[in-house]
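Worksheet for the structure shown next.
The values are calculated or read from the model by the stated rules, or taken from the named source; none is laboratory data. The structure presented is a predicted model; accordingly, all values stated were derived computationally and were not measured. Note that each Cβ is placed from the backbone with ideal geometry, even for glycine, and that neighbours are counted across all protein chains shown. Protein only, heavy atoms only, side chains kept; ligands, DNA and RNA dropped before computing areas. Shrake-Rupley method; radii C 1.70, N 1.55, O 1.52, S 1.80 Å.
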Amino acid sequence: MCGIIGIVGKEAVSDRLVDGLKRMEYRGYDSAGVCTVENSQLIRRRAEGKLFNLVNVLKSDDAPGHTGIAHTRWATHGAPTTSNAHPHATGEVALVHNGIIENFKPLRDELIKRGRQFESETDTEVVAHLVSEQVEDGKSPEEAVQAVLPQLRGAFALAIAFRSHPGLLIGARLGSPLVVGYGDGETYLGSDALALAPLTQQISYLEEGDWVVVTEDGATIYDNQNKAVEREVTTSGVSAATIEKGQYRHYMQKEIFEQPTVVAQTLQSYIRPLEQQVALPQMGFDLESIKRITIVACGTSYYAGMVAKYWFETFARVPVDLDVASEFRYREPVLEPGGLALFISQSGETADTLAALRHSKENDQKIAVVVNVPTSSMAREADLLLPTHAGPEIGVASTKAFSCQLAVLAALAAHLAVVKGKMSREEEMDVVRHLTEAPAALNAALAYDEAIADMAHLVAPARDVLYLGRGPDYPLALEGALKLKEISYIHAEGYASGEMKHGPIALIDEAVPVIVLAPSGPLFEKTVSNMQEVRARGGKIVLISDADGLAEAGEGCMATIEMPRVHPLIAPLVYAVPVQLLAYHVAVAKGTDVDQPRNLAKSVTVE
Ligand code: M6R
């Protein structure tokens, strides 16, 4: 996805636009650009690559003006070059866009037939030309935007500046988030409250189909019928300070170390330690009647869902279907009316997951959402909102959101088991006790940071790495492989440890490190047997287990990573820490860009 920001103010805006982009760089960092309006001129500066390239351009060639828009890009249509960088402009208008204009091709063909000349390969540029045509025909900015919006298919958040109207911006949203911020004699547009954090805390969230006229005096919001509407002004809790790196070298490192605190914060909303009860928010439907759960998510959130499947089925004996969101709708899933569809997302904006949510809603499913951004699209469309309280996650690799998702999902599974009469009072008390132990166990796991840093050089030179786990630790193996791939660019695969012998074992040789996740517990012996099969074929093993597990099976391993001894319920939370730290230290050893790995964006708002 991309990040957009706009300011209509009384003072120069370009520095503040760039500052806003810095806070949104996690949304995309292929190129960046700004455009201001000054003396009836559009002044545009763009640069490919990271934001500092744009900062350098502006150092030698500033963009003066009190009105402006800016963009940080994650490329969809067209390579990450300067000519494809936003803002896209004609003589009359400049605009920035987050999303995809799906019907850009026929629109572009028509525009070319009408003599318009394009300078980029993007889908976005058609919108600039369409609005420009209207303005050139003598329409006001409002009339121009009203005429163009119905022609666009797909998803968009737009901010548009007009050469002849300094002091005015128009924003529009459909499928991609856009907020309006209210300042003192200034008004803002932004992809999220985070972008506007140092400017204002007073925020309105636009609804689907809304468009907005922004001046320094405030904003007038219209719905998709062009009727002026009021949207609530809320005070955003996001402060600029919560998104600083502090003492840490990278956001990812900071976020890994925040886990004991944020998991404890999250659990506060889901358990009552004194009463030793699981406590879920009020729901507008009868949970007891739920006969089947469909879990849908992407990436790391999907792996959290995979762990939850074990819990829902073991505790509550409710069957669970689990889908990667991008595949969900296309397999035409059978959704019995009244089923529970559960969506898991850090951002709450992932386009695949959001589309799956809407599909489920159309098919009479109750919608539960585990989400870290409580103002996100998914949160707004949920029947049951289950927020994680991880705080803003900036590193592209998801870490603290994952452990908080697991905390919420464990509580939800236990609650479902209780209401269904499948979990006794004693068992519920046990679950609460183990969950309460999680923050301390996470702290204990983090104490091995240095030991993990010391052995990262054993993995860093590898071309391929395998991760093995069994039961709820199998999704952790997948998560470990994903973390390593995305930030260190080493090819890695996660396997159910028992599945190795059905094919992947052929890959084993002394050049392929095999990371085995094997906490002591009912599945330990079996996982270790699979590990021995690897060792017998010359595989180099890194065993992650507790002191008992390492004493029993650690001998002969290339390296071992000790974890605290924990109950199997919280093992997936705790074992997330070593796989995160290992990926982190390998990436640092390789010198990759940990927080902004190549080709990625923090959340993906295109399908
Ligand atoms: O915001 P979401 O949780 O919906 O995002 C889903 C995935 O895009 C995300 O987990 C991605 O896989 C992360 N980069 C993994 O670290």
With the label point 7 Å along the Cα-to-beta-carbon line of Ala589 and a cut-off under 19 Å to each amide N, the hits in the range 481-509 are 481-494, 509
Once both labels are modelled 7 Å past Cα along the beta-carbon direction, what's the Lys22-Glu510 spacing in nm?
5.0
For the Cα atoms of the chain, what angle does the longest principal axis make with the long axis of helix 400-419, in degrees from 0 to 90, nearest 10?
70
Anisotropy class of the range 367-502 from Cα gyration tensor, a/c 1.5 cut:
prolate
What's the magnitude of the charge dipole for the range 179-228 around its Cα centre, counting Lys and Arg as +1 and Asp and Glu as -1 at the beta-carbon? Answer in Debye, nearest 20.
40
Ignoring ligands, DNA and RNA, what accessible area per residue does the range 333-455 give at 1.4 Å, in Å²?
32
Determine the calculated [θ] at 222 nm for the chain from helices alone, applying -39500 (n - 2.57) to every DSSP H run no shorter than 4 residues and normalising by the residue count; nearest 500 deg cm²/dmol.
-10500 deg cm²/dmol
About the Cα centre, charge dipole magnitude for the range 1-59 (Lys/Arg +1, Asp/Glu -1 at Cβ), debye:
40
Stretchable slack from Arg598 to Asp383, in nm (0.36 nm times residue separation minus alpha-carbon distance)
73.8 nm
Assuming R0 = 41 Å, can you tell me the calculated FRET efficiency for the pair Ser40 and Thr235, based on Cβ-Cβ distance, to the nearest 0.05?
0.65
Which shape class, rounded, prolate or oblate, goes with the chain when its Cα gyration tensor gives a ≥ b ≥ c as root eigenvalues, a/c under 1.5 marks rounded, and past that a/b bigger than b/c marks prolate?
prolate
Counting only backbone N atoms under 20 Å from a point 7 Å out along Cα-to-Cβ of Glu336, the residues of the range 394-416 in range are 413, 416
For the range 315-330, Karplus couplings with θ = phi - 60° (6.51, -1.76, 1.60), whole Hz, Gly/Pro x
6, 9, 6, 9, x, 10, 9, 10, 9, 6, 4, 5, 9, 3, 5, 7
For Lys483, the lysines lying under 16 Å Cα to Cα, once residues fewer than eight places off in the same chain are dropped, come out as Lys254, Lys400, Lys590, Lys602
As I understand it, the value is the acute angle between the Cα axis of helix 259-268 and the longest principal axis of the Cα atoms of the chain; what does it come to in degrees, rounded to 10?
90
How far apart, in nm, are the 7 Å Cα→Cβ label points at Ala228 and Glu110?
3.1
Site Ser269, offset 7 angstrom along Cα→Cβ, radius 18 Å on amide nitrogen, limited to the range 392-418, gives 392-394, 399-416
Here, Gln247 and Gln532, labelled 7 Å along Cα→Cβ, have an inter-label distance in nm of 4.5
Here the range 381-389 yields Karplus 3J(HN,Hα) values (6.51, -1.76, 1.60; θ = phi - 60°; whole Hz; Gly and Pro given as x) of 9, 8, 7, 10, 9, 10, x, 8, 10
Of all DSSP beta bridges having both residues in the chain, the percent classed as antiparallel (nearest 5) is 60
Given a 1.4 Å probe and every protein chain left where it sits, what share in percent of the accessible area of the chain is carbon and sulfur?
48
Reachable lysines, given that their alpha-carbon falls under 29 Å from the alpha-carbon of Lys227 and they are not under 8 places away in the same chain:
Lys10, Lys139, Lys361
